Every structure is written in structure tokens, then in C-alpha cells.
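The values are calculated or read from the model by the stated rules, or taken from the named source; none is laboratory data. Please read all numbers here as calculations on a predicted model, not as lab measurements. Backbone-built Cβ (ideal geometry, glycine too); neighbour counts: all protein chains shown. Just so you know, the surface numbers come from the protein's heavy atoms only, side chains and all, with ligands and any DNA or RNA stripped out. Shrake-Rupley method; radii C 1.70, N 1.55, O 1.52, S 1.80 Å.
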Amino acid sequence: MAAPAIPATGRAIEVRASRGLWRDAMRRLLRNKPALLGLLFIGIFVFAAVFAPLIAPYGPLEGTLVQRMKPPGGAHLFGTDLQGRDELTRILYGAQVSLLAGVASVIMGLSIGGIAGALAGGLGGWVDSVLMRVVDVMLSIPGILLAIGIVAWLDRGLPQIMFAVAMTNAPIFARILRGSLLSLRNSDYVTAAQSIGAPPSRILLRHMLPNSLTALIVAATLALATAIIDVAGLGFLGLGPPDPRTPEWGTMLTDSTKFLRQAPWLIFLPGLAIVISAIGFNLLGDGLRESLDPRLKR
Amino acid sequence: MTATAPVPAAVAAPARRRPPDNRLLSVEDLVVRFRTHEGAVHAVNGVSFELERGEALGLVGESGCGKSVTNLAIMRLLPKPAGRIEGGRVVFDGIDLVTLSEADMRDLRGKEIAMIFQDPMTSLNPVLTIEEQMVETIRAHRKASRAEARKRAIELLVMVGIPRPETRLKSYPHQFSGGMRQRVMIAMALALEPKLMIADEPTTALDVTIQAQVLELLRDLAEDRDTSLILITHDLGVVAGMTQRISVMYAGYIVETATTAELFENPSHPYTVGLLHSIPRLDEERAEALLPIEGTPPDQRRAPRGCPFAPRCAWRLEECWTDNPPLAPIDGSGRVITTGPDATHRIACHNPPTAEEAIAGRPLREGFVAAPPPDAVIQELVTRGAEEEPALLDEVVLMGPEGPESTAPSAGGLPIEPDDKP
Amino acid sequence: MTKYILRRLLLTIPVLIGLSIVLFAFIHLLPGDPAAAILGQHATPDRVAAMREYLHLDDPIWQQYLAYVSNLLHGDFGTSVINNQPIIHEFLTRFPATIELTLAAMLYAVGVGIPLGRFAARHAQSWSDGAVTIVSLLGINIPVFVLGLTLQYIFAVQLKVLPASGRLDFSLRFDSPTNFLLIDSLVARRFDVFVDAARHLVLPAIALGSIPLAIITRITRASVLDVSNEDYVRTARAKGLTDGRVDSRHIMRNAWLPVVTVIGLQVGGLLAGAVITETVFAWGGVGRYVVDAINNRDYQVVQNVILIFAFVFLIVNLIVDVGYAFLNPRIRYA
Ligand SMILES: Nc1ncnc2c1ncn2[C@@H]1O[C@H](COP(=O)(O)OP(=O)(O)OP(=O)(O)O)[C@@H](O)[C@H]1O
Ligand code: SF4
Ligand SMILES: [Mg+2]
């Protein structure tokens, strides 16, 4: 037998809960110190990308061989690279490439994976089986290897890189969306909404999507971290943007590996930029997960 | 603290009918708090009770009122590091468990005091066989070979009515039904012939049809061995035939305690009355709707100012909002008997319902209206509610000046069930 | 149990078929004439004709696919257009180097990650737990190549305690018949070679293993904490068992389960990460083979390495799932 409790109060609280879900989540997020640190890192990263032309002390291609491999300090805060270009400038411009490629690939991945997941979870049946087998196949090709294959196949280029990275994320998004749609389809409150005759579109929009959305938002934030690392990884393998002068963090590293002894800052500084951006999205993603689903909190 | 039960008096004037060494357990003014991110949770606020050897005590109350925490505190198994015993004593067989060393306490657990938990589905380790789990219990406390322990385990399984115990020992928990698992738990609890068994809602998770069997088994085995029993439940119906005495808990306090017969005969605390009205009474033919108790237990992150039940109580007086009544004998007699068949009927209430009111489930006095909260209390709730918990505001409105029997709409705009009208 | 393994095996088959279709498409959807595309700058009319023949390009597409699968089943993975060597041969000579590297990285990740995760769980919410959390956060977010180069700089360039790259010092002159350097050197009783090979292995293994290490640490910590809150752990304590016994028998036995699954999943990341690690450390394994192949547009090599890595990944996870079933009686006796 259930403990005696008044139903009316329970309902009142539930109404409040759904109304304030996002506000509550935001409030919890702003109290989450690691997430705030993540936001700060992301802020620096985005700021650098957006305002690179304004704040960079030099042009990204500006430099002479005479000036090459100058250690940090003086006129060049981060030193100069192998071509004598200002490293700080190139890192700032590199943020543009990373941000663009990262965001674009995640959006692409979300669209592809989202459609596949929605079809699989929404329609079920053979559509679901086929799509999920496709997802299995894609996930069986480990991580960046899939991206390597796609870039090798489509040839080098920024759009190709975005697509390649998107395809490594898409199956993950598809699985998440499908999973949450399926579990929601059988959940009590959707059944309840159905039983009072709410139209399916309304159920999908008002009940199912917001809940699936929280899972996707978290996954997308975390995927941004991996996307930045993967884009740099492709660049490092020589699969970056076709123009070798493009300031791309991974490519910048490759060029400098031979001079690790003479110019270590050319490794550490772009490396640090990658790490900080990735950590930013990772911290934010974890924070979002905790604040969107308070039950997870420990 | 105003809520302290008159324990010193009880200790000063013990029942002389039985020798004093017949007392097995005495919990004195136990205080347990949890330290959480949102502040301290006042889970148990000065609970006192006694238990004789062989006696069975029922501990009853709504979810969250502190029954489990009280008993985990006795076992010193509170979740670490949040849960802490912040005051009081737990004297078991002459030893204060609160100050006992961890090693000595461990020796006691399972051997002298055994515990049976609510959910047999999750209380047994899924990756170990029943044999492994029973044998390790026995061997943790007794020098016994594996074979001897195994023999004992078989005896125990026979005792709790598990067929083919030799083969069943090799099984894993998931291969048993819920009722069978709870029998295994009981067998394991009895393995070392403990002096005290604590059963925390042992049948809540079971099928209704099996509940009675398991309860009977538990009672019979405890009686046969003269083992004391604390039976925790939120269902007064469960304890009726099981225990000699009942203590009713609310918000970390014991609000009423009496012999089982007396409690059912003459429930004297508004909360107990509410509990009795919220269970189907088989003995009453009246097709009267069940009266659920309005509202929910208070937020225990703050020690209540007055009677913790006041916001939900139809009998409350003005002083109830500010003064927490102590647990005192119902007839005001000076002599308090704390255990045994003659235990005193005690309640913590300023305005106990009369016998007729208890039957009706609401105050019958002409023109009586539950006292509205004084301005100071409203003020406190409003400021507190605004800053941290908007839901509390609903409660103020819901439980407002007209008392819980009114149908004032709640803040959510949803009317209270019409059944609730007298 | 057998039923479980069988079902698990059957589930792998569609993935394998799907994989072969995708990789078949990889070659056959190359722009223009696939044969010419594969051969690239090495295309002569003769070679193109031979390649068209090999790929069955004049047959209907489904026959092309069947021919591809049949070749695979016969162990024919095609020939490299660069040096005309059978790809399988090149692959097999290099694979031991990659296996050595990934195994070492895995040992490092598991050997450090699990104790670290247990430690963090035991001291949950304390500063040492916080430190472990930060380290694992870093581990997940430092790209393999950044960490690899950093390690090289610290231990090879600055401290000069470990070699920066390669698998073995040239001066040692050792012919490794299987290319498992560590094993071959022991068999040949060349302990100097063994020590040198092991020293070469340290930095790449740490670089490659850091992500799995971080993930295994996290999952172990979370799993131990989860299990610690289970009712049966409270039961174990209520029975009067010692903390050590509760920990080893009741907590760890259960906490293992998710950790095992995650370890299996990390194998994929390790294989993919090996591609980059081998590039950083000039490690002569499959990873560098594939990077070279990309630069040479040797599509068939890329295609087949992806196939084989995916296959290995699937097999490892199959084994892990079966192991999981053994550890978990709920599946073993289902
Ligand atoms: N680990 C914990 N951290 C914080 N508060 C806790 C914890 N465990 C219990 N509490 C609080 O202690 C109070 C008493 O809980 P307890 O489990 O004793 O209730 P109960 O009477 O056994 O209820 P139930 O019928 O649900 O078992 C509750 O308010 C609960 O929120
Ligand atoms: S009458 Fe007063 S003291 Fe008694 S239960 Fe009601 S509120 Fe509490
Ligand atoms: Mg409880």
C-alpha cells in the first residue's frame, strides 16, 4: 500500500517542474563551478575566433624567413614559426578554422544522426532495424579511422573534413535520439498524454522532443570537444585544409615536429589551444548533463 | 530542544514488574542529521524507545519520517559521510553502540543484531550464489569450516521453508522469486541466532499474497527464539497481528506510542488517526471513502518551529505553530512504563482528538477551526519559499487558514479531490 | 550461455556484411573509372585493364561485390599499387608492431586506471578524488599527438632518459622473425634488445594509453561508487563483514562489469589512435602504413586496413561480451 499522500500537491509540483525545467537547469548550471570554467574556456576560444582579425597583432601569412623560429617574447608574444609568421596570430586565426569545422561538423552530424534517429525511434519496425545496423557498421570503424577513410576518399578540403568528422558523430546522435524516443514512447507520462487524447504531434513536440533534446544537447556539446581534437588530428596526419598555409592547429603542429628541440613552443602553444578548447566543451557538456538531469548529480 | 521525550523520567521510574535486565535495547534521545549540499537534513530529532527481550515493536510512519534512518543509526550503517549520529545513546545489552569501536560494532552486526531490508530483489548480491552469501555470514562470526557452515545454511533454508535446499544453495539470487529471496534474507539474518532482528519493510516489495506468509514466518521464528523484533512499515495494517507495541513516527519524532491493542482501540494523535483512516479497515462495513492525510511531510532541511504535523493537522491550536509538544503519558499519570504489555500510552500533542473524533477522522467540536499560522510563521515560509523552494508556497496556500479540510485550490490551480470533503 | 554466445555471434554477421558493403562502395564509388583512380599516377593501359579485370568492373555491380567478398574470404586483399606487394603480406609484417603498441597502451591504461578509479571512489569528494578527476579530464582532452610530442620533449629531448622514436636502436642489429620485438628478443635471449625495445615502447604506450586510462579511471570510479550504494553492499555490512571483504567480494565483483565492457570499447580507440601515435613516434606499424597509403592515394590499402581494424575491434568486443557473460551470472544462467 502506498503511503498516504495528497494527490493535489503532487500535481502542483509537477506543473511547476515542467514549466521551470530550463530555468532550473540554467540556475544549476550557473552554480556548477567546473561548467563555468568550461564556459570561460569556450568564451576565450570563441572570442579568439571571432575577433582574430581585430586582435591579432599581424596578418596570418605575414612573415619572413629571417624572422623564423623566434622564441616567445618581444615583438612576438608567442614567438614565430618556421616561416617567420607570428605564432599568436596564427593560433588566433586557427581558432576560426577549429570553431568553424567543429561547429559545422557537429551540426551536420546532428542533422544526419537526428534524422536517422528520429526515423528509427519514431517509425520502428524494419526502418529501425536497418538504420540501427547501419549505425552498428559505422561504429565498428573506430573513431578517427572513419574520418581518415572519408577524407582519403573525398580528397582533402575543409568541407570534406567537416563531413568526415560529422560522420563519426552522426551514429552516436542517432543512437541517443532513438534510445530516448523509444524509452519515452513507453513512459508513463506519454501514455498519460495519449490517454487524455492529446494529438500525436503535440505529444511529440511537447513531451518527447524536449526530453530527447536534453540528451542531444549534452552529446552535441561533448561532440564539439572530440570534433576539435579530430579536426586537429586530421590536420596532423596531413589531411588538413589543402592550402598548407592555412592556420590550422593540427597542421601547424605537424610542420613543427621536426623542430621540437629548437622551437618547442611551436608544439606546446597550438597544443594548449586545442586542449583548452576541448576541455571547455567537455566541462560544459558534463555540467549540462548534471544540470539538465539533476538525478545524475552525486 | 523542546521535543525531547521524557526519557529521564522513564529511566528513573522503570517498570518493576519484570527484572530490569530484561531490557535488550534502549534508544535514548537519538539525533541523526545528514549533511548535504542544501544544508543539514534533520532526519531523526530525539527519538527514544525501549525494547525487551523477545518483544516485537512496530515502527510506523509515512515515507521519509525517519524509520530506516533510526535503525541504520542503531546498526551504525548510516550512509557515509553524510549521515551522522549527532546526539543520544543506543544501549544494546548494556553497551552503548554510539561510542563502540568500529571493530566491536562489526562483530555485533549480523551476530547480535541482524537486519532484513525492504527489497529482496536488490538486497542480495547478484554475482554470488546463495551459498557463498550465507556461508560468508556464518564464517564471519564463527570458527566453522566451509562444510560446517554449509550444513548450517541448509538447516536455515529448511527452517524458512525453502524446498531442496542443497540444490538451491548453488543458485544465484535472480533464480529465486521475491518471496523466496526474502526467506533467504530471513534465514541469513537468523544464521547466528541474533538477539535483535530489525526488519525494514520486509514485505513492501512483495506480492500481497506472499506478504502474509513471510510476515508469519518472521513472527514465528522470532517468537520461537525469543528474538526481539523491530518491524518497520508504513502500513499500520501490517503490524496489527505482529507486534506487542507500536511507535508512530513523524518527521523524525515519535508522536505516539502504545501497546498495539491500545493504539488501535484508542488512537490519540491526529497523525495516527489520519494513518488509520487512510488504510482500508476490513472490520468496518461502512462504505466510507478513505481519508488520505492532506499534504506531505515537512521539509526536514530545517528543524520545525512548532509541532511538525501542524501544517497538516485539523486539530491544531495556535500554540501548535510555535511549541513542539513532548511525548507524554496520555492520562498524565506520573509513572511511565516504557516496554512490555503494560507500556504507557504516550503521545506528543497539544490537542488530542477525542474517541469520537478519532472514529470520525475530524474534529467534531462545535465551531472548531484549525488555527491559522501566525504571521511570523507565514512570513518565514514566504521568504524561505521565495528564495529556494516555490513548492513550499503552494503548501501554505493549500494548508491555509481554513485548515486542510477546506477545498481551497492549490497554487497549481488544481482542486483538491472532492472526496476529501466531510 | 551458449545461446547467448550464439546470438551475439549472429549479431556480428550483419555488421560484417554491412562493413564489407561500405568498403566495397569505398572503392567502387571512386569518381571516374575506379581502376584508373586506384592506380592513379601508375595507370598504364595494361595495368588499368588488369585492374578492371581484378575488380570485375565489366560485370554487374552485385557480381563485383561477390568477387570482392570472395577475394576477402580467400585472404586476397589486393596488391599495393606502389610496390606491387600483396597488401595482406605488408599488413601482416607490420601488424605485430601495432599489436605490441596497443597491448602495451592497454596494459598501462588498465593497470593504472583501475587502481586509480578505486582510489578516487574510496576518497570520493576529497581533494585526492578531485586531483584524479582533473587528471582524467586532461587525459581525455589532450590529443595523442600533443601528448606524444610533449612526452618526447620532456623525456627524450630534455631529460634524455628515453628514446624519442623508433622501435629499436639501429646499432643493435636484430632480425625479428615475427616482428614481435619483445617476444623475439626473449626467445633469442637478446636481453639488450628486449630492454631497448621496452624503453622505446614506454613513451608511445603512455601517449596512446592516456585516453583509455582516463576513461577507465572515470568508469571505475563511477562504477565503484554506484555499487557502493547498492542495497546488497549494505546487506554485506549489516552481516558484519570486514571492510576489506565487502570491498573485494561485494563491491569489486560487481563494479568490474561495466569496466570490462568499457575496456573492450577502448580497443577501437586504441587502434585508431595507433595511426597517429605511430606517426608521432616513427613506429613501423600498420598505422604508418595507412598514413603513407593515404599520401600515395593507395586506396586499396586504406580500404583493407579499415576493414581489418574494424574486424579486430568487432572480434575483441565479441570476446569481451562473452567474458562479461562469464562474470555475470544473470546472463550465464539466463
Ligand atoms: N543519504 C541521505 N542523504 C540525505 N538525506 C537522507 C539520506 N537518507 C535519508 N535521508 C533523509 O532522512 C529522512 C528519513 O529517511 P528514512 O529513509 O529514514 O525514511 P523512512 O521512514 O524509512 O521512509 P521509507 O518509508 O521511504 O523507507 C528523509 O527525510 C530523507 O530525505
Ligand atoms: S493538535 Fe497540535 S500538537 Fe497535536 S498534532 Fe495537531 S498540530 Fe500537532
Ligand atoms: Mg525506509
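Structure notes:
- Unmet requirement for C:I263, which otherwise passes all of (1) within 12 Å of another protein chain (Cβ to nearest Cβ); (2) under 13 Å from the mean Cα position of the chain (by Cα): (1)
- Among residues of region B:89-132 being charged (D, E, K, R) and part of a loop (DSSP other than H, G, I, E, B), the one that is farthest from C:V227 (Cα to Cα) is B:D93.
- Within region B:296-319, considering residues that are modelled with pLDDT under 85 and either touching a Pro at 6+ places or on another chain (Cβ under 6 Å) or among the basic types (K, R) (or both), the one nearest to ligand 2 (Cβ to nearest atom): B:P304
- Taking every residue in region B:349-369 that is within 14 Å of chain A (Cβ to nearest Cβ) and pairing it with any residue that is of a type in the set (A, V, I, L, M, F, W, C) and within 12 Å of ligand 2 (Cβ to nearest atom), at least 6 positions away or on another chain, the pairs with Cβ-Cβ distances below 8 Å are B:G361/B:V273.
- Residue that is nearest to the other protein chains (Cβ to nearest Cβ), among those in region B:212-238 that are buried (at least 20 other Cβ atoms within 10 Å of the Cβ) and away from ligand 3 (no atom under 16 Å from the Cβ): B:L215
- Number of the condition not met by B:E86 [criteria: (1) free of Cβ contacts under 8 Å to residues at least 60 places away in the same chain; (2) assigned to a loop (DSSP other than H, G, I, E, B)]: (2)
- Candidates are the residues of region B:67-89 that are of a type in the set (V, I, T) and under 16 Å from the mean Cα position of the chain (by Cα); the one that is farthest from ligand 2 (Cβ to nearest atom) is B:I74.
- Test for A:L154: is it within 26 Å of A:S180 (Cα to Cα), more than 8 Å from chain C (Cβ to nearest Cβ), surrounded by fewer than 20 Cβ atoms within 10 Å (Cβ to Cβ) and modelled with pLDDT under 90: no
- Residue ranges of helices (runs of 4 or more DSSP H) in region C:1-119 with at least 1 members within 14 Å of chain A (Cβ to nearest Cβ): C:2-28, C:34-39
- B:P79 meets each of the listed conditions (1) surrounded by fewer than 23 Cβ atoms within 10 Å (Cβ to Cβ); (2) within 23 Å of B:V214 (Cα to Cα); (3) facing chain C (nearest Cβ under 9 Å); (4) not hydroxyl-bearing (S, T, Y) apart from (2).
- In region B:322-351, the qualifying residues are those that are within 15 Å of ligand 2 (Cβ to nearest atom) and open to solvent by 50 Å² or more (accessible area, probe 1.4 Å), and the one that is farthest from B:L263 (Cα to Cα) is B:T322.
- The lone criterion from (1) within 21 Å of C:T102 (Cβ to Cβ); (2) of a type in the set (A, V, I, L, M, F, W, C); (3) at pLDDT 90 or above left unmet by C:L168 is number (3).
- Residue match in region B:237-245 (condition: within 16 Å of ligand 2 (Cβ to nearest atom) and closer than 20 Å to B:I74 by Cβ): no
- Looking across region B:115-127, the residues that are out of contact with any Ser or Thr (no Cβ under 7 Å at 6 or more places or on another chain) and more than 7 Å from chain C (Cβ to nearest Cβ) come down to B:I116, B:P120, B:M121.
- Within region A:128-144, one or more residues are touching a residue at least 60 places away in the same chain (Cβ under 8 Å) and within 14 Å of another protein chain (Cβ to nearest Cβ).
- C:A325 meets the conditions (1) farther than 22 Å from A:V137 by Cα; (2) open to solvent by 20 Å² or more (accessible area, probe 1.4 Å) in every case but one. The failed one is (2).
- Count of region B:231-266 residues, restricted to those that are small (G, A, S), under 27 Å from B:F34 (Cα atoms) and not in a strand (DSSP E or B), is 2.
- Complete set of residues in region B:303-321 that are assigned to a helix (DSSP H, G or I), open to solvent by less than 20 Å² (accessible area, probe 1.4 Å) and within 16 Å of ligand 1 (Cβ to nearest atom): B:R312
- Leading residue by the ranking (least open to solvent (accessible area, probe 1.4 Å)) among those in region B:47-66 that are more than 16 Å from ligand 2 (Cβ to nearest atom) and within 11 Å of another protein chain (Cβ to nearest Cβ): B:G64
- Number of positions in region B:111-126 that are surrounded by fewer than 21 Cβ atoms within 10 Å (Cβ to Cβ) and more than 16 Å from ligand 3 (Cβ to nearest atom): 3
- Residue list for region C:226-255, filter: over 17 Å from B:E131 (Cα atoms), part of a helix (DSSP H, G or I) and at the interface with another protein chain (Cβ under 7 Å from one of its Cβ atoms): C:D231, C:R234, C:R237, C:A238, C:N254
- When restricted to residues that are in a loop (DSSP other than H, G, I, E, B) and either over 16 Å from C:I154 (Cβ atoms) or open to solvent by 10 Å² or more (accessible area, probe 1.4 Å) (or both), region A:261-277 contains 3.
- Condition met for B:I198 (open to solvent by less than 10 Å² (accessible area, probe 1.4 Å), within 16 Å of ligand 3 (Cβ to nearest atom) and closer than 28 Å to B:E148 by Cβ): yes
- One residue stands out in region B:239-256 among those that are hydroxyl-bearing (S, T, Y) and within 16 Å of ligand 1 (Cβ to nearest atom): the one that is most open to solvent (accessible area, probe 1.4 Å), namely B:Y253.
- Test result for B:L206, part of a loop (DSSP other than H, G, I, E, B), at pLDDT 90 or above, buried (at least 17 other Cβ atoms within 10 Å of the Cβ) and not acidic (D, E): no
- Qualifying residue in region C:280-297 (condition: more than 14 Å from chain A (Cβ to nearest Cβ), surrounded by fewer than 23 Cβ atoms within 10 Å (Cβ to Cβ) and at pLDDT 85 or above): yes
- Put simply, of A:T80, A:T89 the only residue that is in contact (Cβ under 8 Å) with a residue 12 or more places away in the chain, touching a Lys or Arg at 6+ places or on another chain (Cβ under 9 Å) and among the β-branched types (V, I, T) is A:T80.
- Hits in region B:53-83 (condition: of a type outside the set (K, R), away from ligand 1 (no atom under 13 Å from the Cβ) and in a loop (DSSP other than H, G, I, E, B)): B:G54, B:E55
- First in region B:317-345 and more than 14 Å from every other protein chain (Cβ to nearest Cβ) and over 21 Å from B:L51 (Cα atoms), second anywhere and open to solvent by less than 40 Å² (accessible area, probe 1.4 Å) and away from ligand 2 (no atom under 16 Å from the Cβ), Cβ under 8 Å, 6 or more apart: B:S333/B:T344
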